[in-house]
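The values are calculated or read from the model by the stated rules, or taken from the named source; none is laboratory data. Here the structure is a predicted model, which means the values were calculated and not measured. Cβ sites come from the backbone with ideal geometry, for glycine too, and all protein chains shown count toward neighbours. Accessible surface is based on the protein model in full, side chains and every heavy atom, while ligands, DNA and RNA are left aside. Shrake-Rupley method; radii C 1.70, N 1.55, O 1.52, S 1.80 Å.
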Amino acid sequence: MKKVLLIGSSYSALTILKSLKNLKYNVTVCGKNKNEPCHKFANSSIFLDYSNLKNTKFVDLSLYDYIVPSFNDAAYLFATKLSEHKKIPGYDSFNLANAIQKKDLYKKLLEESDIPTLDYIKFHSADLSVANIYNSFPAIIKPTNSFSGKGCVKILNKSNLVKVLKELKRTSYLIESFFDGSLHSYSAFIKNKKIVKDFYVDEFTTNFQFQVNCSNSPSTLKKNIKVKIKKLIVKFIETHNLADGLFHTQFLKKNNKIFLVESMRRGPGDLYNMLIEQSLGYDYTLNYLMPFLGKNYNFKKLSKTKYVGRYTLDEKKNGDLMSIKLNYSFRKINFFPLKVVGEDFCYAPNDKLGIIFVEYNTINEMTKITPKLDEYFLTERVLL
């Protein structure tokens, strides 16, 4: 039986672990938290902090045939670092993988690909002189190493910028012009530098401006926009000679203008894979795995297309979970709880209570309800 090392042990990695077990692999899970669910179902575990790349030295690669990253940036970088020491399929160079994940280096990759990007300046939090040279408002400040919108701040004017600069944590940031467009994502599966299958999703935010918590599939994007974003991603793939596998991108659109926000080689989080599977009937998880296992894609459609919304249940304030109320009759609901009754939760984007999938009857119902799914699921707090 072939052996796989799965980097990541949280709830989002369970779908990967399940697929690997269905394929009859012996799976070792790597993750420091012994209480995370994948450790319970794996053949064996390595309790290791994979966010620290120095810990790669504690992994005996001779024990594994393949390495698979779960759906987070740290897992992908750790797996890519391991791939430098053993010839395994599915990985770009570590330098390229790192550049795609770092916001300032990603901007340079876009420029090298001749892909338009929003104007920006890189600076360190200790350098307050950026207030003297930056004059385009509104703007966004982003930590170069952030994810899920954490640490991002919208700047309205010069005085607002000066105030925010004084409060920043000590790290590197970008400040870039604010583009007020609709948000979408594009998942492209690559084979020999060609896109062999792709998926589009519409995305929305309700609680925290820079973290997606609502999305729907199929997307309502027009064909000309789909063609345009595909051409941009093909340019990126060819310029940087990307390995076979998934290349996932978030982008902003307004009229016919498109700007790429971020890209990743690992699968997107919050059970995005299940959104595609439930709505379009393709096995997104399985095909994410195939390049890491040296196998061919299998894009057989398993069910008819359905209109599906995904909602990451989060809150604007801290609290203690009592119950979750529903005030609408959906065609179907799947709920994946991440908290139990009485458990503390933090405000977005620092915590999540669960992930909910809803099936709609029509596309009109989907487009009307998805952007405000937070109004249909209400959190009751414990008040003692």
Is it fair to say Tyr76 is closer than 26 Å to Ile100 by Cβ, aromatic (Phe, Trp, Tyr), in a loop (DSSP other than H, G, I, E, B) and within 19 Å of the chain's Cα centre (by Cα)?
no
Could you grab the pairs with beta carbons closer than 6 Å, sequence gap of 6+ or different chains, first residue in region 284-312 and closer than 14 Å to Lys191 by Cα and touching a residue at least 24 places away in the same chain (Cβ under 8 Å), second one outside any loop (DSSP other than H, G, I, E, B) and of a type in the set (D, E, K, R)?
Phe299/Lys197
Enumeration of residues in region 227-257 that are open to solvent by 60 Å² or more (accessible area, probe 1.4 Å) and outside any loop (DSSP other than H, G, I, E, B):
Val227, Lys228, Lys230, Lys231, Lys235, Glu238, Thr239, Lys254, Lys257
Ile46: passes all of (1) surrounded by fewer than 21 Cβ atoms within 10 Å (Cβ to Cβ); (2) free of Cβ contacts under 8 Å to residues at least 60 places away in the same chain but (1)
Among the residues of region 180-189, are any modelled with pLDDT of 85 or more, open to solvent by less than 10 Å² (accessible area, probe 1.4 Å) and of a type in the set (Asp, Glu)?
no
Candidates Thr305, Thr312 - the one that is closer than 19 Å to Ser10 by Cα and of a type outside the set (Gly, Ala, Ser)
Thr312
Within region 58-105, count every residue that is among the polar types (S, T, N, Q) and open to solvent by less than 10 Å² (accessible area, probe 1.4 Å).
2
For region 354-384, name all the residues that are open to solvent by less than 60 Å² (accessible area, probe 1.4 Å), modelled with pLDDT of 90 or more and in a loop (DSSP other than H, G, I, E, B).
Tyr376
Can you tell me how many residues within region 190-213 are open to solvent by 30 Å² or more (accessible area, probe 1.4 Å), touching a helix residue (DSSP H, G or I) at 6+ places or on another chain (Cβ under 8 Å), over 30 Å from Lys295 (Cβ atoms) and part of a loop (DSSP other than H, G, I, E, B)?
2
Counting just the residues of region 106-158 that are aromatic (Phe, Trp, Tyr) and open to solvent by 20 Å² or more (accessible area, probe 1.4 Å), which one comes out modelled with the highest pLDDT?
Tyr120
Looking at Tyr106, Tyr173, can you tell me which residue is over 30 Å from Tyr360 (Cβ atoms), touching a residue at least 40 places away in the same chain (Cβ under 8 Å) and in a strand (DSSP E or B)?
Tyr173
Restricted to region 339-353, and to residues that are among the hydrophobic types (A, V, I, L, M, F, W, C) and open to solvent by 50 Å² or more (accessible area, probe 1.4 Å), which residue is modelled with the lowest pLDDT?
Cys346
When you look at Leu302, is it open to solvent by 10 Å² or more (accessible area, probe 1.4 Å), of a type in the set (A, V, I, L, M, F, W, C) and either under 30 Å from Gly342 (Cβ atoms) or part of a loop (DSSP other than H, G, I, E, B) (or both), yes or no?
yes
Where the second residue is assigned to a helix (DSSP H, G or I) and among the hydroxyl-bearing types (Ser, Thr, Tyr) and the first is buried (at least 24 other Cβ atoms within 10 Å of the Cβ) and lies in region 1-18, which pairs have Cβ atoms under 8 Å and are six or more apart or on separate chains?
Ile7/Tyr76; Ile16/Thr285; Ile16/Tyr288
In region 16-45, what count of residues is obtained for those that are assigned to a helix (DSSP H, G or I), over 22 Å from the mean Cα position of the chain (by Cα) and farther than 18 Å from Asn287 by Cβ?
3
Just checking, does region 273-292 include any residue being open to solvent by less than 10 Å² (accessible area, probe 1.4 Å), over 17 Å from the mean Cα position of the chain (by Cα) and of a type in the set (S, T, N, Q)?
yes
State whether one or more residues within region 320-334 are in a strand (DSSP E or B), open to solvent by less than 40 Å² (accessible area, probe 1.4 Å) and among the hydrophobic types (A, V, I, L, M, F, W, C).
yes
